[in-house]
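The values are calculated or read from the model by the stated rules, or taken from the named source; none is laboratory data. All values derive from a computational prediction rather than experimental measurement. Every residue, glycine among them, receives a Cβ derived from its backbone with ideal geometry; neighbour counts consider all protein chains shown. What goes into the accessible areas is simple: the full protein's heavy atoms, side chains included, and nothing from ligands, DNA or RNA. Shrake-Rupley method; radii C 1.70, N 1.55, O 1.52, S 1.80 Å.
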Amino acid sequence: RQTGLTSFDPGFVNTASTRSNITFIDGDKGILRYRGYPIEELAEHSSFLETAWLLIYGELPTKEQLDDFTYRVLHHNMVNEDFKRIFDIFPKEAHPMSVMASAVGALSTFYQDSLDPTDPEQVEISTIRLLAKMPVLAAYTLKRSLGEPLLYPDNRLGYVENFLRLAFGTPAEEYELNPVVSKALERLLILHEDHEQNASTSTVRLVGSTQANIFASISAGINALFGPLHGGANEAVLHMLQQISDEGMGIPDFVEKVKNKESGIRLMGFGHRVYKNYDPRAKIVKATAETVLDELGVHDPLLDLAMQLEEVALKDDYFQSRRLYPNVDFYTGVIYKAMGFPTKFFTVLFAIGRLPGWIAQWREQNADPTTKIGRPHQLYLGETERHYPGV
Ligand code: CMC
């Protein structure tokens, strides 16, 4: 009934929405590179802020550039005292992703001097502000949900250490950092930093294409990440494992349920639009899970359960024929749980990790003079013209 359409592609399975120089994925081979560097090398040798610089500015920083960047990020991590009242208005049981999306959006009300996407200096300062404040807002979201006091950052600590102290410390005692835990968290955050045109990044770009400010764009990205088919999968995996364990369900029985489409149950943490091979991030996460639980002396039966589930699924024809493998979310929850984060908070950790990618992608688009407002077509299937009664 409608003319002029060139393609119909639900879920954008076949459509490139942009050109980009940031992240390369070969889903058949299980390859992920940021600016050409393999994810395995960055996860092992880089830091969160160094990788953020790489994503945003295109090259690895020199030592001076990284020192200066780290200094600027750490020195913008205070949150305006008036702004902190935002954490008081939400119910304690509110989902932290909703609080985070609201808080990041609200940054634009406090930083009206850095909202103009056409001014490179304003884009730069808002980049630093976002990187600086995101983990602080996350820690405050957690603290308020627990009814605990908010701490001030301590800039003798690094980016990840500061976040851990703000999340788990109290004013009464010195917070004892566990270097194995902070190293592991840093590695997980690096793994999450970018993943080309996933749903949340595409959302950030779509909102940014209207020349909305970067805080509004990232807030929209946080909301897109919230869903269980995207970043919310890390929380959903833990619920799934817990449920299998609580109900004493055999793993083969659960897998049969998943295979029966009528059940509507998916194996959370499995499958990916782009990877048709083992997600390279999942390999690193799995190894990290064993290291962290060992270090903390935690024996979590849910980790054993996850490993058995993986083994059974990978041998099953249903998963093999559809090329479904564990993705980045399959093992992260077990690690976050061992670190002491509540299940509801897991996706916030994904958001902290993904922030540099969102910023890099927003800036790449914003700097490109050929950018057009994103505006998909539709196939109209509704009524043809008809008339209001009596007209
Ligand atoms: N469990 C059971 N069946 C699945 C699963 C799963 N996790 N994932 C895909 N399938 C089946 C699906 O039913 C379909 O079967 P059929 O061909 O018989 O209709 C086939 O595999 C292809 O699936 P799809 O839904 O067309 O694939 P998609 O590219 O649209 O969806 C996905 C990708 C990630 C949304 C999906 O695999 C999924 O729902 N996975 C579980 C949620 C999850 O772990 N999400 C995190 C993704 S990775 C991190 C991130 O990006 O946030």
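For the range 134-145, state whether one or more residues are more than 19 Å from residue 87 (Cα to Cα) and either surrounded by 20 or more Cβ atoms within 10 Å (Cβ to Cβ) or among the acidic types (Asp, Glu) (or both).
There is no residue in the range 134-145 that is more than 19 Å from residue 87 (Cα to Cα) and either surrounded by 20 or more Cβ atoms within 10 Å (Cβ to Cβ) or among the acidic types (Asp, Glu) (or both).
Just name the residue that is most open to solvent (accessible area, probe 1.4 Å) out of those in the range 20-43 that are in contact (Cβ under 8 Å) with a residue 40 or more places away in the chain and charged (D, E, K, R).
Only one residue fits best here, namely 29.
Regarding residue 350, is this residue under 29 Å from residue 115 (Cα atoms), within 15 Å of the ligand (Cβ to nearest atom), under 14 Å from the mean Cα position of the chain (by Cα) and aromatic (Phe, Trp, Tyr)?
Yes.
Regarding residue 257, is this residue within 15 Å of the ligand (Cβ to nearest atom), farther than 26 Å from residue 56 by Cα, out of contact with any helix residue (DSSP H, G or I) (no Cβ under 9 Å at 6 or more places or on another chain) and of a type in the set (D, E, K, R)?
Criteria not met by residue 257.
I'd like the full set of residues that are within 10 Å of the ligand (Cβ to nearest atom), crowded, with 24+ Cβ neighbours inside 10 Å and part of a helix (DSSP H, G or I), limited to the range 190-239.
Across the range 190-239, the qualifying residues are 200, 201, 225, 233, 234, 237.
For residue 371, indicate whether it is in contact (Cβ under 8 Å) with a residue 12 or more places away in the chain, in contact with a Leu (Cβ under 6 Å, 6 or more places away or on another chain), open to solvent by 10 Å² or more (accessible area, probe 1.4 Å) and of a type in the set (Ser, Thr, Tyr).
Spelling it out, it is not the case that residue 371 is in contact (Cβ under 8 Å) with a residue 12 or more places away in the chain, in contact with a Leu (Cβ under 6 Å, 6 or more places away or on another chain), open to solvent by 10 Å² or more (accessible area, probe 1.4 Å) and of a type in the set (Ser, Thr, Tyr).
Kindly list, by first and then second residue, each pair from a residue in the range 219-245 that is over 15 Å from residue 203 (Cα atoms) and free of Cβ contacts under 8 Å to residues at least 60 places away in the same chain to a residue that is more than 10 Å from the ligand (Cβ to nearest atom) and not β-branched (Val, Ile, Thr), limited to pairs with Cβ atoms under 8 Å and residues at least 6 apart or on different chains.
Every condition considered, the pairs that remain are 228/235; 243/249.
Please give the number of the condition residue 378 fails out of (1) of a type outside the set (D, E, K, R); (2) modelled with pLDDT of 95 or more; (3) surrounded by fewer than 11 Cβ atoms within 10 Å (Cβ to Cβ).
(2)
Go through the range 109-121 residue by residue and tally those that are touching a Phe, Trp or Tyr at 6+ places or on another chain (Cβ under 9 Å) and farther than 20 Å from residue 88 by Cβ.
4
Taking the range 151-170 as the search range and keeping residues that are outside any loop (DSSP other than H, G, I, E, B) and among the hydrophobic types (A, V, I, L, M, F, W, C), which one is most open to solvent (accessible area, probe 1.4 Å)?
168
So, of the residues in the range 264-282 that are assigned to a helix (DSSP H, G or I) and in contact (Cβ under 8 Å) with a residue 60 or more places away in the chain, which turns out to be nearest to the ligand (Cβ to nearest atom)?
Across the range 264-282, the extreme among qualifying residues is 281.
Could we say that residue 325 is crowded, with 20+ Cβ neighbours inside 10 Å, of a type in the set (Phe, Trp, Tyr), more than 8 Å from the ligand (Cβ to nearest atom) and within 18 Å of residue 31 (Cβ to Cβ) here?
When the stated conditions are applied, residue 325 passes them.
Could you say which residue among 310, 256 is without any contact (Cβ under 8 Å) to a residue 40 or more places away in the chain and either outside any helix (DSSP H, G or I) or surrounded by fewer than 18 Cβ atoms within 10 Å (Cβ to Cβ) (or both)?
256
Could you list, in sequence order, all residues of the range 73-97 that are open to solvent by 70 Å² or more (accessible area, probe 1.4 Å) and assigned to a helix (DSSP H, G or I)?
Answer for the range 73-97, where residues must be open to solvent by 70 Å² or more (accessible area, probe 1.4 Å) and assigned to a helix (DSSP H, G or I): 85, 88.
Which one of these does residue 287 not meet: (1) closer than 27 Å to residue 28 by Cα; (2) open to solvent by less than 70 Å² (accessible area, probe 1.4 Å); (3) in contact (Cβ under 8 Å) with a residue 12 or more places away in the chain?
All conditions pass for residue 287, except number (3).
Would you call residue 60 over 22 Å from residue 141 (Cβ atoms), modelled with pLDDT of 95 or more and part of a loop (DSSP other than H, G, I, E, B)?
It is true that residue 60 is over 22 Å from residue 141 (Cβ atoms), modelled with pLDDT of 95 or more and part of a loop (DSSP other than H, G, I, E, B).
Would you point out which residue out of 305, 314, 296, 309 is closer than 30 Å to residue 14 by Cα and either within 14 Å of the ligand (Cβ to nearest atom) or over 18 Å from the mean Cα position of the chain (by Cα) (or both)?
314
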